[in-house]
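Undergrad: Take a look at this one; I'll ask things after.
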Amino acid sequence: MSSYDLVVIGTGPGGYVCAIRAAQLGLRTAVVEKRATHGGTCLNVGCIPSKALLHASEAFEEATKHFPALGIDVGTPKLDLKTMQGFKAEAVAGNTKGVEFLLKKNKVETFHGTGRIAGAGRVEVISEDGGNRMLETKNIVVATGSDVTPLPGVTIDETVVVSSTGALELDRVPKRLLVIGAGVIGLELGSVWRRLGAEVTVVEYLDRVLPGMDGEVGKQFQRILEKQGIAFRLSTKVTGVELGKKGAAVTVEPAAGGESEKLSADVVLVAIGRVPYTAGLGLEGVGVQVDAKGRIQTDNHYATNVTGIYAIGDVIAGPMLAHKAEDEGVAVAELLAGQSGHVNYAVIPNVVYTYPEVASVGRTEEELKKDGIAYNAGKFPFTANGRAKANGTTEGFVKVLADAKSDRVLGVHIVGADAGNLIAEVAVAMEFGASAEDIARTCHAHPTLTEAVKEAALAVGKRAIHV
Ligand code: FAD
Ligand code: NAI
């Protein structure tokens with residue numbers, strides 16, 4: 001039996017980062033992963049393949065629709081989906097191999113198989129051929145991530161009715177794609193297939209897209225996507241999906257009840273959220289508590305109710321984001337090494353990688369109103385930003401929300417080209433407790449899109465220059 005300071009179960013962004021940080025801090029560390037490659041959902045079937053397809057499909061749309069206006073004549077671009085899927089596969093392989101290299105470089109021992117907690121301090125590794133071995137360890141970190149939320153009565157066959165995993169693997173462009181759920185996955189992957197030629201309809205139960213994000217951002221973003229050709233059926237629920245000879249018939253009705261209607265589609269993407277994944281872990285056997293949503297319950301040091309067992313990432317509460325999982329991985333490794341690991345949950349950026357991108361950090365206007373916090377809002381449209389004009393990317397705006405008394409930045413919300421990169425400066429500013437005035441008085445390079453952030457901060461004090 002091998003003996004470790006730490007065994008991490010799952011090598012997604014939470015688990016592999018935790019293991020590397022622990023090894024850096026001198027802990028004898030091992031990881032257990034049941035997937036053939038490391039990197040978890042994010043690298044294998046999530047962040048990385050979706051961003052590769054978003055990038056490639058955006059380039060296709062640029063070449064098809066925007067090159068002529070730039071004076072570039074390349075004829076009519078033709079789609080070679082097989083090569084595009086190959087480009088995606090290479091991005092995935094490059095990243096997963098990178099993680100394998102990093103684990104090795106940091107002397108983290110790796111075990112392939114399903115990890116089961118046999119008791120505090122004992123992890124059984126069950127390999128595919130049924131063989132098993134026991135690892136003895138002072139501490140266990142569970143980083144087993146999440147899985148697709150099923151839609152009751154609807155079977156995902158990953159061919160006609162697909163989850164995000166199947167939607168990343170389609171070998172032909174569906175004529176009609178029906179997406180269930182106007183959340184991040186629905187809008188990112190809906191955008192990919194729309195750009196490649198599919199007619200996309202998104203059915204959403206609530207009366208808005210991207211619930212949880214700032215309402216004004218959601219409204220404008222929906223309008224932009226509609227202009228691009230995505231159709232929305234809001235306040236609508238799916239009550240059934242029937243497979244036909246070709247494609248599927250989807251029964252929908254108003255969320256509040258009423259007449260039902262059938263929509264036909266070649267492919268149906270179910271994207272109604274994700275649920276924590278703990279199957280086969282043996283949590284019940286050791287008495288680890290989970291909440292009503294199946295998330296492992298932890299204290300603010302990621303400790304479960306059982307001594308020596310910790311959990312991080314999608315399998316615990318909080319936003320299901322790779323960078324949140326990574327930061328928790330670092331924090332718990334540092335805590336186990338006797339340091340003061342910590343994650344500031346008030347400053348976790350959230351990005352939707354469509355065109356334009358949507359990015360936010362901190363509180364929304366709706367949340368501030370609900371909590372009775374007085375704030376000032378400063379808004380600046382990209383139509384008034386010189387670089388956006390030069391690039392022809394004038395859709396969207398930056399909105400800065402600052403405390404009415406202290407001027408401290410409470411939240412920033414952006415719809416616009418490169419919003420995912422723009423949000424980083426405000427995340428740093430918020431981490432340092434910046435005021436809108438601090439951002440407004442920081443010199444921003446010209447001509448850059450970042451000047452829109454500065455102008456929105458100036459607008460909080462009603463003194464934007466360029467509007
Ligand atoms: P995971 O990445 O899910 O990793 C868990 C790992 O544990 C898996 O490899 C699994 O095989 C393994 N495992 C589970 N049980 C066991 C067991 N018993 N024994 C051994 N191994 C086990 N987030 C972003 O921040 N940005 C994005 O752009 C983004 N895009 C996404 C796109 C899609 C299509 C999807 C589905 C998700 C996306 N996410 C994105 C979310 C992101 O993937 C997750 O938040 C992140 O992967 C969570 O990391 P994790 O380490 O907690 O879990
Ligand atoms: P989501 O929670 O973002 O959106 C799900 C949507 O489905 C919501 O709008 C919800 O109201 C709707 N919905 C729920 N039940 C429904 C029903 N029966 N009929 C119609 N609509 C219904 O979940 P999504 O898009 O599946 O993504 C899962 C997770 O993956 C998210 O939590 C997200 O954090 C993560 N992710 C992050 C990405 C990023 O950071 N760019 C990209 C993709 C995923």
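Undergrad: Once you list every other residue whose beta carbon is under 14 Å from the beta carbon of Ser3, what net charge do they have if Lys and Arg are +1 and Asp and Glu are -1?
TA: On the way: positive: Arg28, Arg122, Arg133, Lys138; negative: Asp5, Glu109, Glu136.
In short, +1.
Undergrad: In whole percent, what relative contact order does the chain give with Cα contacts below 8 Å and a gap of six or more residues? Mind dumping the intermediate values first?
TA: On the way: 1027 pairs, mean separation 67.6, N = 467.
With pairs under 8 Å counted, the relative contact order is 14 percent.
Undergrad: Next question, about the same structure. Could you work out how much longer the chain between Phe87 and Lys246 gets when fully extended? Use 0.36 nm per residue separation minus the Cα distance between them, nm to one decimal.
TA: Values: separation 159, 0.36 × 159 = 57.24 nm, distance 2.87 nm.
Full extension of this stretch gives 54.4 nm more.
Undergrad: Among rounded, prolate and oblate, which fits segment 173-241 when a ≥ b ≥ c are the square roots of the eigenvalues of its C-alpha gyration tensor, a/c under 1.5 means rounded, and a/b larger than b/c means prolate? Please list the in-between numbers first.
TA: Numbers: a/c = 2.02, a/b = 1.22, b/c = 1.66.
Oblate, since a/c reaches 1.5 and b/c is not below a/b.
Undergrad: Would you mind pulling out the separation of the Cα centroids of segment 390-445 and segment 194-229, in Å?
TA: 23
Undergrad: Could you order peptides 182-189, 319-326, 303-310 by the average number of other Cβ atoms within 10 Å of their residues, highest first? Show your work: numbers first, answer last.
TA: Working: 182-189: 24.1, 319-326: 20.4, 303-310: 18.2.
With the highest mean Cβ count within 10 Å placed first, the list reads 182-189, 319-326, 303-310.
Undergrad: So which lysines pass the test for Lys97, namely a Cα distance under 29 Å, with those fewer than 8 places away in the same chain ruled out?
TA: Once the sequence-local lysines are set aside, what remains near Lys97 is Lys34, Lys51, Lys82, Lys88, Lys105, Lys107, Lys138, Lys324.
Undergrad: While we're on this one: Could you tell me the calculated FRET efficiency between Arg172 and Ser127, based on Cβ-Cβ distance and R0 = 30 angstrom, to the nearest 0.05? Let's see the in-between values first.
TA: Numbers: r = 36 Å, r/R0 = 1.21.
With a Förster radius of 30 Å, E is 0.25.
Undergrad: With N denoting the number of residues in segment 245-306, provide Rg(C-alpha) divided by 2.2 N^0.38 Å, to two decimal places.
TA: On the way: Rg = 19.8 Å, N = 62, 2.2 N^0.38 = 10.6 Å.
Taking N as the residue count of segment 245-306, the ratio is 1.87.
Undergrad: Which loop GluC sites (Glu not before Pro) in segment 62-139, with loop taken from DSSP, have no more than 14 other Cβ atoms within 10 angstrom of their Cβ? Could the numbers behind the result be given before it?
TA: Numbers: sites: Glu62, Glu90, Glu100, Glu109, Glu124, Glu128, Glu136; in loops: Glu128.
Here the GluC sites (Glu not before Pro) that fit, given the DSSP loop and packing criteria, are Glu128.
Undergrad: Same structure, new question: What is the log10 of I(q)/I(0) for segment 338-402, computed with the Debye formula using one identical point scatterer on each Cα and no solvent, at q = 0.11, 0.18, 0.24 Å⁻¹?
TA: Listed by q, the Debye log ratios stand at -0.40, -0.84, -1.10.
Undergrad: Oh, and also: What length, rounded to one decimal in nm, is gained on full extension from Ala36 through to Lys462, with 0.36 nm per residue of separation minus their alpha-carbon distance? Don't skip to the end; give the middle numbers.
TA: Numbers: separation 426, 0.36 × 426 = 153.36 nm, distance 5.53 nm.
Here the answer is 147.8 nm.
Undergrad: So, by mean Cβ neighbours within 10 angstrom, what's the order for 344-352, 29-37 with the highest one leading? Show your work: numbers first, answer last.
TA: Details: 344-352: 16.9, 29-37: 21.6.
Order by mean packing, descending: 29-37, 344-352.
Undergrad: In what sequence, largest accessible area first, do Ser360, Ser406 appear using a 1.4 Å probe? Please report the intermediate quantities before stating the final value.
TA: Values: Ser360 15, Ser406 70 Å².
The most accessible residue leads, giving Ser406, Ser360.
Undergrad: Using only Cα atoms, figure out Rg for segment 211-319 and give it as a multiple of 2.2 N^0.38 Å.
TA: Details: Rg = 20.2 Å, N = 109, 2.2 N^0.38 = 13.1 Å.
Taking N as the residue count of segment 211-319, the ratio is 1.55.
Undergrad: Residue separation times 0.36 nm, minus the C-alpha to C-alpha distance between Tyr205 and His112: what's the value?
TA: 29.5 nm
Undergrad: If you don't mind, there's one more thing I want to ask. Would you tally the net charge around Lys107, using a Cβ to Cβ cut-off of less than 15 Å, leaving Lys107 out, and scoring K and R as +1, D and E as -1? Don't jump to the answer; show the numbers that get you there.
TA: Details: positive: Arg21, Arg28, Lys104, Lys105; negative: Asp5, Glu100, Glu109.
With Lys, Arg at +1 and Asp, Glu at -1, the net is +1.
Undergrad: To the nearest µm²/s, what D does Stokes-Einstein give for segment 352-467 at 25 °C and 0.890 mPa s, using the Kirkwood radius over alpha carbon pairs as Rh? Present the calculation step by step, with values, prior to reporting the outcome.
TA: Working: Rh = 13.8 Å.
After rounding, the answer is 178 µm²/s.
Undergrad: How much solvent-accessible surface does Cys42 expose, in Å² to the nearest 10, with a 1.4 Å probe and all protein chains in place?
TA: My reading of the accessible area for Cys42 is about 20 Å².
Undergrad: I've got another one for you. List the Cys residues of the chain that have no partner Cys with a C-beta closer than 4.7 Å.
TA: If one checks each Cβ against the other cysteines of the chain, Cys18, Cys443 turn up with nothing under 4.7 Å.
Undergrad: Too long at a 25 Å Cα-Cα cut-off: which of Lys369/Lys462; Lys389/Lys454; Lys65/Lys237? Spell out each step's value before the answer.
TA: On the way: Lys369/Lys462 21 Å; Lys389/Lys454 17 Å; Lys65/Lys237 34 Å.
Exceeds cut-off: Lys65/Lys237.
Undergrad: Right, here's the next one. How many Å³ per residue does the convex hull of the Cα positions in segment 394-439 occupy? Each step should come with its number before you reach the end.
TA: Numbers: hull volume 3.0 nm³, N = 46.
Per-residue hull volume (Cα only) is 65 Å³.
Undergrad: For segment 121-182, just the Cα atoms, rotate onto the principal axes and tell me the three extents in Å, largest first.
TA: Rounded to whole Å, the extents work out to 53, 27, 22 Å.
Undergrad: Counting Lys +1, Arg +1, Asp -1, Glu -1, what net charge surrounds Lys175 among other residues with beta carbon under 9 Å of its beta carbon? Walk me through the intermediate numbers first.
TA: Numbers: positive: Arg176; negative: Glu199, Asp266.
Local net charge: -1.
Undergrad: Taking Rh as the Kirkwood radius computed over C-alpha pairs, what is the Stokes-Einstein D of segment 30-128 at 10 °C in a medium of viscosity 1.306 mPa s, expressed in µm² per second? Show your work: numbers first, answer last.
TA: Numbers: Rh = 16.4 Å.
Translational diffusion coefficient: 97 µm²/s.
Undergrad: Excluding ligands and nucleic acids, what accessible area in Å² is computed for Ile465 using a 1.4 Å probe, to the nearest 10?
TA: 120
Undergrad: Provide the FRET efficiency to the nearest 0.05 for the Glu100-Ala69 pair, computing r from the beta carbons and using R0 = 51 Å.
TA: Numbers: r = 44 Å, r/R0 = 0.86.
FRET efficiency, Glu100 to Ala69: 0.70.
Undergrad: Under 5 Å between amide hydrogens, which residues at least 5 positions from Tyr375 or on another chain qualify, with H placed 1.01 Å from N in the peptide plane?
TA: Correct list: Ala404.
Undergrad: Convex hull volume of the Cα atoms in segment 147-188, per residue, in Å³? Walk me through the numbers on the way to the answer.
TA: On the way: hull volume 3.7 nm³, N = 42.
It comes to 87 Å³ per residue, whole-number rounded.
Undergrad: With the cut-off at 1.5 for a/c, could you classify segment 1-46 from its C-alpha gyration tensor as rounded, prolate or oblate? Intermediate results must be reported in sequence, preceding the final value.
TA: Numbers: a/c = 3.66, a/b = 1.69, b/c = 2.17.
Because a/c hits 1.5 or more and a/b fails to exceed b/c, segment 1-46 counts as oblate.
Undergrad: Could you work out [θ]222 nm for the chain from helices alone, using -39500 (n - 2.57) per DSSP H run of at least four and dividing by all its residues? Round to the nearest 500 deg cm²/dmol.
TA: Values: 14 runs with 148 residues, N = 467.
Rounded to the nearest 500, it is -9500 deg cm²/dmol.
Undergrad: Between rounded, prolate and oblate, where does the chain land on the alpha carbon gyration tensor, with a ≥ b ≥ c its root eigenvalues, rounded for a/c under 1.5, else prolate if a/b exceeds b/c?
TA: Note, shape of the chain comes out oblate.
The values are calculated or read from the model by the stated rules, or taken from the named source; none is laboratory data. Not measured: the values here are computed from a predicted model. Ideal geometry is used to build each Cβ from the backbone, glycine not excepted, and the neighbour counts take in all protein chains shown. Accessible surface is based on the protein model in full, side chains and every heavy atom, while ligands, DNA and RNA are left aside. Shrake-Rupley method; radii C 1.70, N 1.55, O 1.52, S 1.80 Å.
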